[in-house]
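This report concerns only the one structure given below.
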Amino acid sequence: MERALAVVEPTETAKELLYEAGIIADGSDADLVLTHITTEQEYGARRDAMESLMSSSANYTVGEAKDGATEFARDIGDEVLSELDVEYQVTGYLGDKADTILDAAEEYDCDHVFITGRQRSPTGKALFGDATQKVILDFDHPVTVLTE
């Protein structure tokens, strides 16, 4: 492993996975990229909530959503990886989770992805899609998944 992408989420499972990714990156002298993806649905809900609380001229921009996602990844990285001797980059995106993870892994030339997943029935995956499954199937390198 030379460079890994770790997807940061606000769950204890994701924090555990990030810590393990940090240990592995530190032990193998690999680069680590942390990312958080804000989905279009999350962005829309937050934009609507902020606009209803503020004056009608205020708005929550795409740039602010990306900056917020980046800052979230940095905050979680600082919290979880503080005990380890590992350096990392942070980035945030707005978009479809699976496609954005794959795009980020390509952009940063990652050869490993760490991601959490939910236990879902095959029918649930077929009806609602599953970002973790898409990443596993479409990424050409190892993917480590910790289910919540």
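Of everything listed in (1) at pLDDT 90 or above; (2) surrounded by 12 or more Cβ atoms within 10 Å (Cβ to Cβ); (3) under 24 Å from ASP130 (Cβ atoms), the single unmet condition for GLU12 is (2).
When only residues in segment 25-41 that are assigned to a helix (DSSP H, G or I) and free of Cβ contacts under 8 Å to residues at least 12 places away in the same chain count, which is surrounded by the most Cβ atoms within 10 Å (Cβ to Cβ)? Spell out how you get there, then give the answer.
Taking segment 25-41 and keeping what is assigned to a helix (DSSP H, G or I), we get 25-28, 40-41.
From what's left, free of Cβ contacts under 8 Å to residues at least 12 places away in the same chain: 27, 41.
Working: GLY27: 11, GLN41: 8.
Looking at residues that are assigned to a helix (DSSP H, G or I) and free of Cβ contacts under 8 Å to residues at least 12 places away in the same chain, I get GLY27.
Among the candidates GLY22, GLY44, the residue that is out of contact with any strand residue (DSSP E or B) (no Cβ under 8 Å at 6 or more places or on another chain) and open to solvent by less than 40 Å² (accessible area, probe 1.4 Å) is uniquely GLY44.
For ALA73, the requirement of being open to solvent by less than 10 Å² (accessible area, probe 1.4 Å) and out of contact with any Leu (no Cβ under 9 Å at 6 or more places or on another chain) is not met. The lone criterion from (1) open to solvent by 10 Å² or more (accessible area, probe 1.4 Å); (2) under 15 Å from the mean Cα position of the chain (by Cα) left unmet by MET1 is number (2).
The values are calculated or read from the model by the stated rules, or taken from the named source; none is laboratory data. All figures in this text were calculated on a predicted structure; none of them were measured in a lab. Heads up, the Cβs are rebuilt from the backbone with ideal geometry, glycines too, and the neighbour counts pull from every protein chain shown. Ligands, DNA and RNA are excluded from the accessible area calculation, which covers all protein heavy atoms including side chains. Shrake-Rupley method; radii C 1.70, N 1.55, O 1.52, S 1.80 Å.
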